[in-house]
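See below for the structure under consideration.
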4 protein chains.
Amino acid sequence: MLEDLKRDVWEANLTLHRSGLVILTWGNVSGRDADSGLVAIKPSGLTYDEMQPEHIVIVDLEGNIVEGGLRPSSDTPTHLLLYREFEGIGGVAHTHSTYATAWAQARRPVPCYGTTHADHFRGVVPVTEELTEEALAGDYELATGRAIIDAFADIDPTEVPAVLVASHGPFTWGTSTAEAVRNSIVLEQVAQTAALTEMLSPEVSGISPQLRDKHFLRKHGKDAYYGQPAR
Amino acid sequence: MLEDLKRDVWEANLTLHRSGLVILTWGNVSGRDADSGLVAIKPSGLTYDEMQPEHIVIVDLEGNIVEGGLRPSSDTPTHLLLYREFEGIGGVAHTHSTYATAWAQARRPVPCYGTTHADHFRGVVPVTEELTEEALAGDYELATGRAIIDAFADIDPTEVPAVLVASHGPFTWGTSTAEAVRNSIVLEQVAQTAALTEMLSPEVSGISPQLRDKHFLRKHGKDAYYGQPAR
Amino acid sequence: MLEDLKRDVWEANLTLHRSGLVILTWGNVSGRDADSGLVAIKPSGLTYDEMQPEHIVIVDLEGNIVEGGLRPSSDTPTHLLLYREFEGIGGVAHTHSTYATAWAQARRPVPCYGTTHADHFRGVVPVTEELTEEALAGDYELATGRAIIDAFADIDPTEVPAVLVASHGPFTWGTSTAEAVRNSIVLEQVAQTAALTEMLSPEVSGISPQLRDKHFLRKHGKDAYYGQPAR
Amino acid sequence: MLEDLKRDVWEANLTLHRSGLVILTWGNVSGRDADSGLVAIKPSGLTYDEMQPEHIVIVDLEGNIVEGGLRPSSDTPTHLLLYREFEGIGGVAHTHSTYATAWAQARRPVPCYGTTHADHFRGVVPVTEELTEEALAGDYELATGRAIIDAFADIDPTEVPAVLVASHGPFTWGTSTAEAVRNSIVLEQVAQTAALTEMLSPEVSGISPQLRDKHFLRKHGKDAYYGQPAR
């Protein structure tokens, strides 16, 4: 079932690996079928070399396995909460990419220091609160998702489709698995450039809301003029 | 029309991508036909994999599309102003390369710390002033070009064929598209080495005008002795 | 003899090289045969291109050559001491990988700043004491091994399968050669991210023991739920 | 004439390029024929793609072209002085590799912070004095060579086969072109690791003379035991 989605999720996982954002068995991408609401996700612990489309696991939004002979990613409950809470997203990606993870470990949001950032994220990429001991001892991956949702209380997740989980690493999302993966690639680039910007100018401040919105809205929304008109 | 120029611009864009200076759909290269004054430029938002020579758009110096079924790069007005104002340039390149962008986001010119820099740029690579809110609200890409021209009030753009647009990223140029792309490659290398130089010696000063000119003039101008005599 | 082990050790050495952790003739991997207790190790000073499975040297745990026409790695006495002292390990790897070596040269243990670290190492990766002049003048490679053992007086080497030899570089181990190499790859990634974390937040502290153990035990031990059940 | 040497020098230049130490037309390698004393060197300004063995230029030790239709590297007088002054060297390499150049631009010698450094260089890699205005205005490339010789007044160039030319970049040498190139590769690795070591521990000191000599002499000289006995 959902052969196209499984192939799509498989390819998105491979793109993540080829882009250099994940090594070994790290990272995972999922995708949601718009019609059924079912989610396809990478199996846990497989290497990118051995993984095939038929290994992709189908789960419902409560995490019940609908199809597949392997365990889904241990991060599945985090993915599912994002699908339940963030309307309209069709793909979620999680990496341990070097610079985004460094910001997450520093427990700092990525400031918006330039137009490359603003082209993709309309403001800082937030970092979650640290989990309590109770949350760690309970349903940990669900609590991770809950911390992400809390970080977006005042941020529109379609305008900033990325987050840093404190002491852990980034999650990104998008309308499709491809867009979720692209946002992981952009976040890593933006996180590296922001770190270097601070190295060159420790007192640097973020760009103005006007420049930020000029760039974000040139690429997104009804008045966008970047790219080609939809055909 | 201008099939050779379109292929040349297509190849220059691919070289930019292969060199690692741009990812996804970022960056763009244009070239100017010396006879007609027309400019060929990358279409907006296409990936480097899908772009073909026939996708390259031909515009006149005022930005009117002369040939091509796709929208030209959203940065086209910036390119065109450089062609109108900087005499003798035949190619312009724009990237979001990591280190050059970090200097741009730090709003600092790249100091001339060594002979690698001086071999290619006769002095600091300047950074533009930030745009006013009025400029942001108006013809933004033209205003970006205007800020570049202003930064060269006291600098010869044929001696320093590169600039950092504040909070944005680098533009470079040259007598050809290939030279414009080469200058983007050199700028990224020089920007990285300068950042590391400051890390190793925060109080370092730029090289002397004598050493700078020795290297620049060994490669450029009538007494150059680097490379092979023109055949 | 031990043709499978020799091929296994040969392949593990090539993986180390392909992963970018070692250049030229640097680095070495060994593997131990569980039945005979014999150890197969890379010959000294060969390039990764020229090395073939038949070049792998077989030694006993006291370092006597049992098979092979070439000198074993000069680091062989260090490897052998680890096999004698750390129960149950089947592979040892040594690299001069960039970031792990920088921490070793800084004579600092790698702090546990995030879950990527905790997924693989249950606490800081320790650094050895510096060798005395007497140790340097005597059996140097054995003394290096002794310093490693001393660093694990209060650490379980199966929970932290990695060490930094002060002013030298990392050694890692595992139940197999493949696991030893994987731990070298993880250590380099973790060492890089930790360095960047400190750059972004000089006062950052390590993660809580609760978060560290949650991640380590999700992957290791009897209640692990990462990956697929053993078949 | 000297076809083997020309091919050897050609291949050494390509290895330099493939190793990532040089881009575009930067860098150059030369080799000396032990019998005739003649030197083969890269032509000036050719790309590594277009250069063929027959383009390699043969010069005598005074710089007279003995064979070849192209101009030799503009750095030829520097190479030749090293051959005249440093006994027994058979190859010289020059790069603008990132980290070695950063140390050169910071006008700091590379400290010996670890055994990787000591395996190859028996002490700090020195940096030259800056050239006077008179030297810059005269025979610049010869003066560069003279500054290198001066930096080795108290250092044996066979024990430290590398130097940083202030504000410029590294030169390395060896008994062969292959060894000269290997020393450029090692220097870049050592320069990067040293920079990171200082980032992690700003007050770090160099390793002890005992540890330094232990490693250098384990690889070099009559009591060396690294590698295989000469056949």
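Observations, loosely collected:
- Check on A:Pro202, assigned to a loop (DSSP other than H, G, I, E, B), more than 20 Å from A:Glu87 (Cα to Cα), out of contact with any Gly (no Cβ under 7 Å at 6 or more places or on another chain) and not hydroxyl-bearing (Ser, Thr, Tyr): yes
- Within region D:132-188, if we keep just the residues that are of a type in the set (Phe, Trp, Tyr) and surrounded by fewer than 24 Cβ atoms within 10 Å (Cβ to Cβ), the residue that is nearest to D:Arg122 (Cα to Cα) turns out to be D:Phe152.
- Test: residue in region D:66-76 that is of a type outside the set (S, T, N, Q) and within 19 Å of D:Ala100 (Cβ to Cβ): yes
- Condition met for B:Thr132 (closer than 22 Å to B:Ala151 by Cα, without any contact (Cβ under 8 Å) to a residue 60 or more places away in the chain, among the hydroxyl-bearing types (Ser, Thr, Tyr) and within 12 Å of chain A (Cβ to nearest Cβ)): yes
- A search for C-beta distances below 7 Å between a residue of region D:201-228 that is surrounded by 16 or more Cβ atoms within 10 Å (Cβ to Cβ) and any residue that is among the β-branched types (Val, Ile, Thr) and in a helix (DSSP H, G or I), counting only pairs 6+ apart in sequence or on different chains, returns D:Val204/D:Thr197; D:Leu211/D:Thr115; D:His215/D:Thr115.
- The residues of region C:12-38 that are among the β-branched types (Val, Ile, Thr), away from chain D (no Cβ under 14 Å) and crowded, with 20+ Cβ neighbours inside 10 Å amount to a single one, C:Val29.
- Residues in region D:180-191 that are at the interface with chain C (Cβ under 9 Å from one of its Cβ atoms) and touching a residue at least 40 places away in the same chain (Cβ under 8 Å): D:Ile185, D:Val186, D:Gln189.
- Test: residue in region B:154-166 that is out of contact with any helix residue (DSSP H, G or I) (no Cβ under 6 Å at 6 or more places or on another chain) and in a helix (DSSP H, G or I): no
Here is a yes/no grid of residues against (1) in contact with a strand residue (DSSP E or B) (Cβ under 6 Å, 6 or more places away or on another chain); (2) at pLDDT 95 or above; (3) over 14 Å from D:Cys112 (Cα atoms); (4) within 11 Å of chain C (Cβ to nearest Cβ):
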residue: D:Ala195; (1), (2), (3), (4): no, yes, no, yes
residue: D:Ser208; (1), (2), (3), (4): no, yes, no, yes
residue: D:Asp213; (1), (2), (3), (4): no, yes, no, yes
residue: D:Phe216; (1), (2), (3), (4): no, yes, no, no
residue: D:Gly221; (1), (2), (3), (4): no, no, yes, no
residue: D:Tyr226; (1), (2), (3), (4): no, no, yes, yes
residue: D:Pro229; (1), (2), (3), (4): no, no, yes, yes
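- Qualifying residue in region C:180-190 (condition: assigned to a strand (DSSP E or B), β-branched (Val, Ile, Thr) and within 30 Å of C:Gly27 (Cα to Cα)): no
- Among the residues making up region B:136-174, those that are within 14 Å of chain A (Cβ to nearest Cβ) and polar (S, T, N, Q) are B:Thr144, B:Ser167.
The rows are residues; the columns are (1) at pLDDT 95 or above; (2) in contact with a helix residue (DSSP H, G or I) (Cβ under 7 Å, 6 or more places away or on another chain); (3) closer than 21 Å to A:Tyr226 by Cβ.
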residue: B:Ile58; (1), (2), (3): yes, no, yes
residue: B:Gly63; (1), (2), (3): yes, yes, yes
residue: B:Phe86; (1), (2), (3): yes, no, no
residue: B:Ala93; (1), (2), (3): yes, yes, yes
residue: B:Ser97; (1), (2), (3): yes, yes, yes
residue: B:Thr101; (1), (2), (3): yes, yes, yes
residue: B:Ala104; (1), (2), (3): yes, no, yes
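- Where a residue in region C:150-174 is farther than 12 Å from C:His96 by Cα and its partner, wherever it lies, is outside any loop (DSSP other than H, G, I, E, B) and among the basic types (Lys, Arg), with Cβ under 9 Å and at least six apart: C:Gly174/C:Arg182
- Test for C:Val59: is it buried (at least 17 other Cβ atoms within 10 Å of the Cβ) and over 17 Å from the mean Cα position of the chain (by Cα): yes
- Test: B:Thr193 is β-branched (Val, Ile, Thr), crowded, with 22+ Cβ neighbours inside 10 Å, under 19 Å from the mean Cα position of the chain (by Cα) and closer than 29 Å to D:Gln192 by Cα: yes
- From the list B:Ala194, B:Ala147, the one residue that fits, being in a helix (DSSP H, G or I) and in contact (Cβ under 8 Å) with a residue 60 or more places away in the chain, is B:Ala194.
- Candidates D:Val9, D:Val110, filtered to the one that is farther than 30 Å from D:Glu203 by Cα, modelled with pLDDT of 95 or more, surrounded by 23 or more Cβ atoms within 10 Å (Cβ to Cβ) and touching a strand residue (DSSP E or B) at 6+ places or on another chain (Cβ under 7 Å): D:Val9
- Complete set of residues in region B:106-123 that are assigned to a helix (DSSP H, G or I) and more than 28 Å from B:Thr25 (Cβ to Cβ): B:Thr115, B:Thr116, B:His117, B:Ala118, B:Asp119
- Subset of region C:83-105 [under 14 Å from the mean Cα position of the chain (by Cα) and crowded, with 23+ Cβ neighbours inside 10 Å]: C:Gly91, C:Val92, C:Ala93, C:His94, C:Thr95, C:His96, C:Ser97, C:Ala100, C:Thr101, C:Ala104
- Yes/no for B:Glu67 being away from chain A (no Cβ under 13 Å), touching a Pro at 6+ places or on another chain (Cβ under 9 Å), among the charged types (D, E, K, R) and surrounded by fewer than 19 Cβ atoms within 10 Å (Cβ to Cβ): no
- Of residues in region D:135-144 being touching a residue at least 40 places away in the same chain (Cβ under 8 Å) and not in a loop (DSSP other than H, G, I, E, B), the one nearest to D:Ser208 (Cα to Cα): D:Thr144
- Elements of type helices (runs of 4 or more DSSP H) in region D:1-105, at least 3 residues being more than 18 Å from D:Glu141 (Cβ to Cβ): D:3-18, D:98-105
- Filtered by the rule that a residue be hydroxyl-bearing (Ser, Thr, Tyr) and under 24 Å from C:Lys219 (Cα atoms), region A:1-25 gives a lone residue, A:Thr25.
- Scan of region B:76-129 for residues that are within 11 Å of another protein chain (Cβ to nearest Cβ) and in contact with an Asp or Glu (Cβ under 6 Å, 6 or more places away or on another chain), ordered by number: B:Ser97, B:Tyr99, B:Ala100
The values are calculated or read from the model by the stated rules, or taken from the named source; none is laboratory data. None of the values given here were measured: they were computed from a predicted structure. Counting neighbours? That spans all protein chains shown, and the Cβs are built from the backbone with ideal geometry, glycine included.
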